[in-house]
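See below for the structure under consideration.
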Amino acid sequence: MENYDMETAQLLVQGVDLWLNTPRVQEEACGTSGMKVILNGALHCSTLDGWWAEAYQEDAGWAISQDERLGPGNWQEQQDADKLYKLLEQQIIPAFFDRNNLNMPEKWLRMIRKSMTTVLPAFNMKRPAAAYAEQYEHLAKRTADLSNNKYALLNDFVRWKQMMRTSWNELHVFSLHLPDFNNEGCKVGDIFAANLEIYLGALNADDITVEALFTRPGSTEEYFLTGTFMLEPGKGNRRLFSIALPLQHTGASGYTFRVRPKHPQLLRSRDLPLVMWI
């Protein structure tokens with residue numbers, strides 16, 4: 001079955017003129033099929049997600065833009081469909097069938113040339129190879145740093161983790177001020193402003209990060225927007241954190257706050273699975 005799929009894909013990317021890709025925004029994995037089809041001289045049309053959100057250039061393909069996020073339900077799909085049909089009717093089909101006296105689609109061919117000369121060079125194996133090399137160099141430097149001076153930095157990090165585990169339960173919220181706008185009527189560009197005061201106990205303010213997380217109605221696990229609270233100037237073990245986050249969606253959403261450990265050597269949150277939900 002896998003061989004059949006690969007053979008079918010090889011025929012498709014060599015023979016197609018337009019590669020149409022319409023994932024919901026934020027649900028595209030990456031878009032390697034679209035990258036391959038550009039290499040074979042086809043043009044790409046997609047929502048601005050995955051690789052196309054970065055690669056799209058005017059006159060080198062088409063984008064189904066989203067001027068605003070309409071939230072859950074079918075409204076977003078209807079808007080995207082309307083834009084796609086307009087693109088097909090007003091731009092894509094006319095460009096393909098507008099031929100010169102040699103029956104050559106001049107605009108279509110110009111777009112292919114621009115796509116292959118401007119989009120394609122940024123999406124080839126040189127790019128991931130350079131990224132992997134950079135990541136391995138970072139890991140090698142981290143290993144060297146942690147092992148210097150008889151593992152002094154590593155020992156400090158271990159002691160910090162032990163202190164966090166011991167003192168984490170001392171954290172609690174003194175006060176919380178939430179936005180005063182009607183969540184049902186929020187729209188793109190509205191500012192989500194909130195602040196909270198946290199008692200740190202034996203911890204320092206730099207030991208934690210405070211985040212706001214937004215969910216779609218009916219979902220409590222999929223976060224489509226996150227923001228980080230800023231630490232306000234002050235002293236002592238009662239500190240104020242605030243956020244002023246421009247919203248990127250229209251309509252209702254749920255939100256919650258969480259506090260997690262923060263340290264320069266803590267690369268992944270699962271390495272110290274402590275969290276306080278607010």
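Per-structure values
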read-out	value
Residues of the range 1-54 classified as under 21 Å from Glu77 (Cβ atoms) and open to solvent by 70 Å² or more (accessible area, probe 1.4 Å), total	6
Options Asp80, Asp98: the member that is touching a helix residue (DSSP H, G or I) at 6+ places or on another chain (Cβ under 7 Å) and acidic (Asp, Glu)	Asp98
Conditions (1) assigned to a loop (DSSP other than H, G, I, E, B); (2) modelled with pLDDT of 85 or more; (3) small (Gly, Ala, Ser); number of the one not met by Ala29	(2)
Qualifying residue in the range 81-93 (condition: of a type outside the set (S, T, N, Q), free of Cβ contacts under 8 Å to residues at least 12 places away in the same chain and surrounded by 13 or more Cβ atoms within 10 Å (Cβ to Cβ))	yes
Members of the range 220-265 found to be in contact with a Lys or Arg (Cβ under 8 Å, 6 or more places away or on another chain), at pLDDT 90 or above and hydrophobic (A, V, I, L, M, F, W, C), listed by number	Leu231
Single match in Arg159, Arg127, Arg142 (criterion: at pLDDT 90 or above, part of a helix (DSSP H, G or I) and basic (Lys, Arg))	Arg159
Failed condition for Ala53, given (1) assigned to a helix (DSSP H, G or I); (2) modelled with pLDDT under 85	(2)
Residue that is farthest from Val188 (Cα to Cα) [pool: residues in the range 230-249 that are among the hydrophobic types (A, V, I, L, M, F, W, C) and in contact with a helix residue (DSSP H, G or I) (Cβ under 9 Å, 6 or more places away or on another chain)]	Leu231
Counted residues, the range 210-235 - those being over 18 Å from the mean Cα position of the chain (by Cα) and open to solvent by less than 60 Å² (accessible area, probe 1.4 Å)	4
Residues satisfying the stated conditions in the range 67-78, i.e. modelled with pLDDT of 65 or more and surrounded by fewer than 16 Cβ atoms within 10 Å (Cβ to Cβ)	Asn74, Trp75, Glu77, Gln78
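Per-residue answers, yes or no, for (1) assigned to a loop (DSSP other than H, G, I, E, B); (2) of a type outside the set (A, V, I, L, M, F, W, C); (3) buried (at least 17 other Cβ atoms within 10 Å of the Cβ):
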site: Ser147; (1), (2), (3): no, yes, no
site: Arg165; (1), (2), (3): no, yes, no
site: Asn169; (1), (2), (3): no, yes, no
site: Ile198; (1), (2), (3): no, no, yes
site: Ala202; (1), (2), (3): yes, no, no
site: Gln248; (1), (2), (3): yes, yes, no
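Residue by residue, here is whether (1) more than 30 Å from Asn74 (Cα to Cα); (2) polar (S, T, N, Q); (3) at pLDDT 95 or above holds:
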{"position": "Asn148", "(1), (2), (3)": "yes, yes, no"}
{"position": "Thr166", "(1), (2), (3)": "yes, yes, yes"}
{"position": "Asp180", "(1), (2), (3)": "no, no, no"}
{"position": "Asn183", "(1), (2), (3)": "no, yes, no"}
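The values are calculated or read from the model by the stated rules, or taken from the named source; none is laboratory data. No experiment lies behind these values; they were computed from the predicted model shown. Virtual Cβ from ideal backbone geometry, glycine too; neighbours counted across all protein chains shown. Side chains included, ligands, DNA and RNA excluded: accessible areas come from the protein's heavy atoms. Shrake-Rupley method; radii C 1.70, N 1.55, O 1.52, S 1.80 Å.
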